[in-house]
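Notes for the one structure printed next.
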Amino acid sequence: MNPIEQIPQVNFIPFNELPVIELQQLQQLADYTKTLFGHGAKGWYSTFQAITYLRSINKQVPQHIGALFDIFGTNLVESFEDVKPIIQKNAINLLTEIFQFGQNIQIQHLILQTFVPKLIYKSQTSEQKTIKQECLTAISMLVMNCAAQDSVIEVVARLAADLGRPILVQKFTLQVMAKILEQKHLRSYQPKTLTLIMQVLQHVIQMGKGEIETSAVLITQYLYNMIGDAEFRTWMTNCLPQDQIVMMVNTIQVNLNKKTKSKCQSQVSLSNMKELIHTKISKQENTFSSSIMTSCNVLIF
């Protein structure tokens, strides 16, 4: 029997029910998928089938999803923005299932860079309740399985720094960033990633307003609690110039004072951090877990 005919032509096949594709059939299926995408807007059901076939391939060989994205990336972007919710949903299903393998498979940076902003935006702005929920499910899978990957926090952090988007989307982006950081992979991130996180938080605290500024302050306080005063000061000093440190610490202190006045006790006190305003910490005198500083002014955890 033709391997293509073995795939059920039904709506929204659950992941566990996607057929197992024999390895020798994968190329044939990929070629056939390409012809289905070629039918254009009028062949919407062919597009739906094509995405389902990609889901089947991803289930069988998730380590090759990057290569498939190189071939079908443009088609998937178009499907994600298709006017038919049924096409959008199947494309989001594929992303959810890609993220499902994130603990064992490195997700291609281009996939994250292309689709994570779209998922976050659509989860907050789509007029289709089902689409919003599917996007939230994909984001949850991303956080749960992919938080240890530098590319994930990098894409979300850069998105958080974009303050030109709708307030609702900005706020949710910071919530996603917080959830990723809550997974406690901070010490596994590369130095450039750690620098980016601190720089983004400083930028949002300085330039953000209202709930956006408050959200960034809360993330900063969480990180401060997690790694402690000395280590946080070292991290901050090696990522930011002194004037930005002064501004950041002062803004956080103002937020803490507001909480105190409203009788809401904060979990942290930044009294020791205020020394940063007057004292430039020497890179040579500060270490974290016996790590060393690089000459490029970044911190190695």
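Structural descriptor for the stretch 65-198: relative contact order 23 percent, calculated from alpha carbon pairs under 8 angstrom and at least 6 residues apart. For the stretch 221-237, backbone nitrogen atoms closer than 20 Å to the point 7 Å from LYS258 Cα along Cα-to-C-beta are found at 221-225.
What's the FRET efficiency of GLN190 with ASP162 using the Cβ-Cβ distance as r and R₀ = 22 Å, to the nearest 0.05?
Working: r = 22 Å, r/R0 = 1.00.
Calculated transfer efficiency: 0.50.
Filter the cross-link list LYS122/LYS171; LYS129/LYS171; LYS59/LYS84 down to pairs whose alpha-carbon distance in this structure exceeds 21 Å. Result: LYS59/LYS84 exceed 21 Å.
For the pair the stretch 34-76 / the stretch 163-229, the C-alpha centres are spaced 35 Å from each other.
Determine the per residue accessible area of the stretch 78-150 with all protein chains present and a 1.4 angstrom probe, expressed in square angstrom. Each step should come with its number before you reach the end.
Values: 3190 Å² over 73 residues.
Roughly 44 Å² per residue, with all protein chains present.
Taking all protein chains as present, what is the carbon and sulfur share of the accessible area of the stretch 114-191, in % to the nearest whole number, probe 1.4 Å? The nonpolar share, carbon plus sulfur, comes to 52 percent. For LYS179, a cut-off of 16 angstrom between C-alpha atoms picks up these aspartates and glutamates, skipping any fewer than 8 places away in its own chain: ASP150, GLU154.
The values are calculated or read from the model by the stated rules, or taken from the named source; none is laboratory data. Just so we're clear, the structure is a prediction, and the values are computed from it rather than from any experiment. We place every Cβ from the backbone using ideal geometry, glycine too, and count neighbours over all the protein chains shown. Surface areas here come from the heavy atoms of the whole protein model, side chains and all, with no ligands, DNA or RNA. Shrake-Rupley method; radii C 1.70, N 1.55, O 1.52, S 1.80 Å.
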